[in-house]
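First the structure, in the form of structure tokens, and then the observations on it.
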Amino acid sequence: MAAKYEQKDTILHVENLSIVYGEKVIISNIGFTEKNTVRPDKPQGQTIAFLGRSGRGKSTLFRALTGLEEPTTGMVLIPDFEKPIVNGQQPAKKVQEGDVGFVDQKYTLFRHKTIYQSLKYALRNVKISSEEKDEKIITYLKDWGLQTCRNQYPNELSGGQRQRTAILEQLLSSGLYMVLDEPFSGLDVGNIQNVKDAFRLINDSHELNTIIFSTHDIELAVELADSIYVLGYLKNDDGTLTQTGTILKHFDLKEMGLAWQHEFTADHLDITKQIKQIMLAS
Amino acid sequence: MLKKWFRPFEKIDLKQKMTIIGIWIALVLGYWFYASLGSKHLFPTPAQVWEGMQSLYNEGLVVHIGSSLGLCLQAAVISLLISLSIVYLSPLPALKPVAVFFSRLRYLPLTGITFYLTMLVSGARTMQVWVLVVFMSLYFITSLLAVLKDIPADEINHARSLKCSRWEILWEVIIKGRLDYVLDVLRQNLAIIWMMLVTVESILVAAGGLGVLIKNSDKFANHGRIVALQIIILLIGLLLDWILHVIRKGLFRYSTY
């Protein structure tokens, strides 16, 4: 049965985004809007997936979404929660470095900091007392199963522990938005489950929490996301492909009644097949 | 077992490794004994080298070693401070050419530089220190620049995503994040400096040092002493190398290379 939900304020607005390196146009004409989803029965964050074949500009788009890459044209807007609401609307601002958390494929961490030191550093700009920071970190470490390795360095951690630390660090530093570049690549079945649990933990903790991730696993994207964008090359008139990534199709799984389901149904499978076809043609 | 020793990429246990090293040492020593037999020989006999060591010890070898180590330490500290300042500021576009320029200067011949240093510096000991500082710094800068160049962009982006300012990135990723590499660069470049001792210490004979001892022995063609000194210099060099390695491993648990 389709879950009830409401769409409220815009939480992410991307307009005419393109990125060019020298002569090469990597992505162009990217535009989409995501709104805050509100469910009556529980806090519900947003989970947005980006799918596309290798080299279609997913990582470049992600760097732009996180403010790590200056767009050649267009802009990425997010609500500016530091400003007061005007005419019932939260003013928007251009995304800047640090506004959106970013976990790369290698789960990069500070090599010279233990998990605890990394998390403490992520909280350095937060205006709460040192004791409160400690308390917060300890609670997170417990919830995320990292308590036993709090004094270990990244080189002493397993892949799964590194990834959870990288996510936590960004969560503590950036707050509501989190971009993860292929968080499932190279993980075993247990670690995939850990990341899925982490997504749920983030989504359930605040209705404005927004996870944006890319993956090559279409089924996993359909299972987890409530909004899916397929990135690829458009076809020229002569049937050849352009060499510039853009959004080819958007699937709003909320609207389709497929989001937040506990089981993978025939409808999910149908979407999976459709996405696969679009990707193969692009 | 022997078959394993001659198969590429074969893994052997510690006992076998030690046996192989033992065999090589025995072969080298055996060759040395054999090659120094007879009236005409290229190398001094082990007995001559032993005698050389004894006479060196009686002439205050320990004091000379102390002098050489003191010179090296003094030069290394000054050189590290200069090199690190230049390299840590190299991410600033305005100062990058300075670091690159100093790195290129390593191709300059020693003679040219000592000529100008003689005019600038007073006192032979200061001269010794500064010749070493100049050369150490050029190699340090080159190696440290390579360390900086190898820092993955992901690490910089990671710091940026945590709202680090550019100066915080410099502090966390470049300076604090690569401190263990500095020790390793010191370890690698110390070998070059240790090799330069003979030339540099000959500037001021009165200050002593292993270089002076080797120069004096050379003058009188005392081969036993020369080889003895070379062995001592090699062993001290290896000891310094090992000490720096142990310090790095002890201080930086995250240093995996």
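The values are calculated or read from the model by the stated rules, or taken from the named source; none is laboratory data. None of the values given here were measured: they were computed from a predicted structure. Here the Cβ positions follow ideal geometry from the backbone for every residue, glycine too, while neighbour counts run over all protein chains shown. Surface areas here come from the heavy atoms of the whole protein model, side chains and all, with no ligands, DNA or RNA. Shrake-Rupley method; radii C 1.70, N 1.55, O 1.52, S 1.80 Å.
Within the accessible surface of segment A:161-282, defined with a 1.4 Å probe on protein heavy atoms only, the carbon and sulfur portion equals 49 percent. Taking all protein chains as they are arranged and a probe of 1.4 Å, the heavy atoms of B:Ile78 leave approximately 50 Å² accessible to solvent. The B-A contact accounts for approximately 2300 Å² of buried accessible area, totalled over both chains at a 1.4 Å probe radius.
Each of A:Lys8 and B:Val205 was given a label point 7 Å from its Cα along the Cα-to-Cβ line. The distance between the two points is 9.0 nm. Students often get this wrong, so check it: of A:Lys8/A:Lys196; A:Lys120/B:Lys163; A:Lys42/A:Lys254, which have C-alpha atoms separated by over 18 Å? Listed pairs above 18 Å: A:Lys8/A:Lys196. Distance distribution P(r), segment A:145-190, all Cα-Cα pairs, bin width 5 angstrom from 0: 4, 18, 29, 22, 20, 6 percent.
Please work out, to two decimal places, the log10 of the ratio I(q)/I(0) at q = 0.10, 0.11, 0.16, 0.17 Å⁻¹ from a Debye calculation in which every Cα of chain B carries one identical scatterer. Log10 of I(q)/I(0), two decimals: -0.70, -0.82, -1.20, -1.26. A simple packing score, the average count of other Cβ atoms within 10 Å per residue, orders the peptides B:190-202, B:24-36 as B:190-202, B:24-36, with the highest score first. Accessible area per residue for chain A is 47 Å², calculated with a 1.4 Å probe on protein heavy atoms, without ligands, DNA or RNA. Using Cα atoms only, what is the angle between the long axis of helix A:130-143 and the major principal axis of chain A, expressed in degrees (0 to 90) to the nearest 10? Around 60 degrees separate the two axes. Rg and Dmax, both from the Cα atoms of chain A and both in Å, are 19.1, 65.
Charge tally around B:Val100: other residues with Cβ under 14 Å, Lys/Arg +1 each, Asp/Glu -1 each, net +4. Would you mind counting up the charge near B:Arg253? Only other residues with Cβ under 13 Å from its Cβ, with Lys and Arg at +1 and Asp and Glu at -1. With Lys, Arg at +1 and Asp, Glu at -1, the neighbours total +2.
Comparing mean-square fluctuations of A:Leu176, A:Leu109, A:Leu269 from a GNM of chain A with C-alpha springs under 10 Å, the top value falls on A:Leu269. In segment A:108-174 the Cα-Cα distances spread across 5 Å bins starting at 0 as 3, 20, 34, 26, 13, 3, 0 percent of all pairs. Of all aspartates and glutamates in the structure, those lying under 17 Å Cα to Cα from A:Lys83, and not within fewer than 8 positions of it along the same chain, are A:Asp9, A:Asp99.
Once the Cα atoms are used to define both axes, helix B:124-149 deviates from the longest principal axis of chain B by about 60 degrees. Computed from Cα atoms alone, the Kirkwood hydrodynamic radius reported for segment A:16-114 is 16.0 Å. Size descriptors for the protein assembly as shown: radius of gyration and Dmax over Cα atoms are 32.1, 106 Å.
Each residue of segment A:238-255 is assigned a 3J(HN,Hα), and the resulting list reads 7, x, 6, 9, 5, 9, 10, x, 7, 7, 9, 7, 10, 10, 9, 5, 5, 4 Hz, derived from the Karplus form 6.51 cos²θ - 1.76 cosθ + 1.60 (θ = phi - 60°), x at Gly and Pro.
Counting only other chain Cβ atoms within 10 Å of each residue's Cβ, the peptide B:153-160 averages 6.
Using R₀ = 30 Å, calculate the FRET efficiency as 1/(1 + (r/R₀)^6) where r is the Cβ-Cβ separation of A:Lys24 and A:Gln105; round to 0.05. With R0 = 30 Å, the Cβ-Cβ based efficiency is 0.90.
If one takes the longest principal axis of the Cα atoms in chain B, at what angle in degrees, from 0 to 90 and to the nearest 10, does the Cα axis of helix B:210-219 lie? The two axes meet at around 40 degrees.
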